[in-house]
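Engineer: Dropping a structure here in structure tokens format, bear with me for questions.
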Amino acid sequence: MNFFGLERNPGDLFWGLGGALSMLFVGLTSPFIGAIADYSNKKKYFLLSYSSVCIIATISLYFLSSGMIWQGVLLFIIGNIGFEGAIVFYNAFLPQISNTDNIGKISGYGFALGYVGSLVSLLIAMPYANLAFARHDLSLMRPTFIWAGLFFLSFSLPFYIFVKEKKGIVEHQKQSILKGYRRTKATLKRIREFPQITNFLLAYFIYIDGVNTVIYFSGIYASDTLGFSLKEVIQFFAIVQASAISGSYIFGFLTDKLGPKKTIGLTLILWMVVTVGGFLARDATAFYLVGLIAGVAMGSSQSASRAMMGRLMPKGMEAEFFGFYALTGKFSAILGPLLFGLTSTITNSQRVAVLSVLVFFITGFVLLRRVNENITYKNVAL
């Protein structure tokens, strides 16, 4: 394929572009919609709506056939918007079901169980992968999209049934939209009044960019650069998910014991090791070891970051501030994938592209040192 004159590794660029566009949309809309959800007490409603979009788009991938590249990219963008948008409102319930003493542990439990689900999903997909690999026909993998969508739906239901949203003053829909818009503007103008939040979000913006980039391209790197078969790629992800379970669980306790800041710092050191290890890996055994470390770093860095934000944010503004948290994370997910895709395409080397990710973790580690995690903002009226 020739994409604007770029003929080498265009799949990397398409994949990075799809991730960047979906993250851009969620990042731009999350603070505004989060403020509306806070005012209207409809966090569960928005969570259900975004989840439904993701489920429908995922199942729709079953109907694609060979050559339907743009349709696949479009469905990926829609599905990722649904998933990442739902996460904003899912995260907003964390301060409601925890306190400052156990927020790290509960956040870790959430990520650990999420990775258990990912591992089970991979086990469901494995028979289809084995069949597709044996017959050299990737179309035999298509039913896994239906299973993934149904899996997401089934395990979303307990939340909607059993978790109750705290009651508050419920605004009329038109009023909540107007107040949501006004409060988002007010928060943006007053953001300097929350210096520790802005310091943390700046560091988070940088280092989570590297995390997202590794997640996006690890499977592609294993397949294209290391020559992994489809079965080996799935085995690699199984290793990552299994280690992420333990990482989320163990580092959840460390977050409450050491504090989110020190915990995040430890995970960023692990990510530096992962980046260099991925660059140096030459065989499956070495890359499986890299995946083991990456899984621990992935679950723990995401869990500790969410706990840090939950600890710092003002009370009563959970969805809105997790909207800003999402905006930061989603905007950061634009640069990394695009940088990797362009570097890979221009240099024709995914190894060079992997090494370029190292700068995100080093910079994020330095910026994190400016954050004072012991300062919180409570009952801030806007």
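The values are calculated or read from the model by the stated rules, or taken from the named source; none is laboratory data. Here the structure is a predicted model, which means the values were calculated and not measured. All Cβ positions, even for glycine, are placed from backbone atoms using ideal geometry, and neighbour counts span all protein chains on display.
Engineer: Taking residue 62, is it surrounded by fewer than 18 Cβ atoms within 10 Å (Cβ to Cβ), assigned to a helix (DSSP H, G or I) and in contact with a helix residue (DSSP H, G or I) (Cβ under 6 Å, 6 or more places away or on another chain)?
Structural biologist: Spelling it out, residue 62 is indeed surrounded by fewer than 18 Cβ atoms within 10 Å (Cβ to Cβ), assigned to a helix (DSSP H, G or I) and in contact with a helix residue (DSSP H, G or I) (Cβ under 6 Å, 6 or more places away or on another chain).
Engineer: While we're here: Output the residues belonging to segment 124-157 that are farther than 14 Å from residue 58 by Cβ and free of Cβ contacts under 8 Å to residues at least 60 places away in the same chain.
Structural biologist: 127, 128, 131, 134, 135, 136, 137, 140, 157
Engineer: A further question follows. Any idea how many residues of segment 194-249 are over 23 Å from residue 119 (Cα atoms) and of a type in the set (A, V, I, L, M)?
Structural biologist: 5
Engineer: Let me ask you something else. Condition test on residue 264, is it among the β-branched types (Val, Ile, Thr), touching a residue at least 60 places away in the same chain (Cβ under 8 Å) and farther than 18 Å from residue 118 by Cα?
Structural biologist: So residue 264 passes the test.
Residue-by-condition table, conditions (1) basic (Lys, Arg); (2) within 27 Å of residue 248 (Cα to Cα); (3) part of a loop (DSSP other than H, G, I, E, B):
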| position | (1), (2), (3) |
| --- | --- |
| 37 | no, no, no |
| 50 | no, yes, no |
| 81 | no, yes, no |
| 105 | yes, yes, no |
| 112 | no, yes, no |
| 117 | no, yes, no |
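Engineer: Quick test of your reading of the structure: residue 291 fulfils all but one of (1) crowded, with 19+ Cβ neighbours inside 10 Å; (2) closer than 26 Å to residue 142 by Cβ; (3) modelled with pLDDT under 85. Name the failing condition by number.
Structural biologist: So the condition that residue 291 fails would be (3).
Engineer: Which one is surrounded by the fewest Cβ atoms within 10 Å (Cβ to Cβ), of the residues in segment 216-231 that are part of a loop (DSSP other than H, G, I, E, B) and either at positive phi or β-branched (Val, Ile, Thr) (or both)?
Structural biologist: By that ranking, first place goes to 227.
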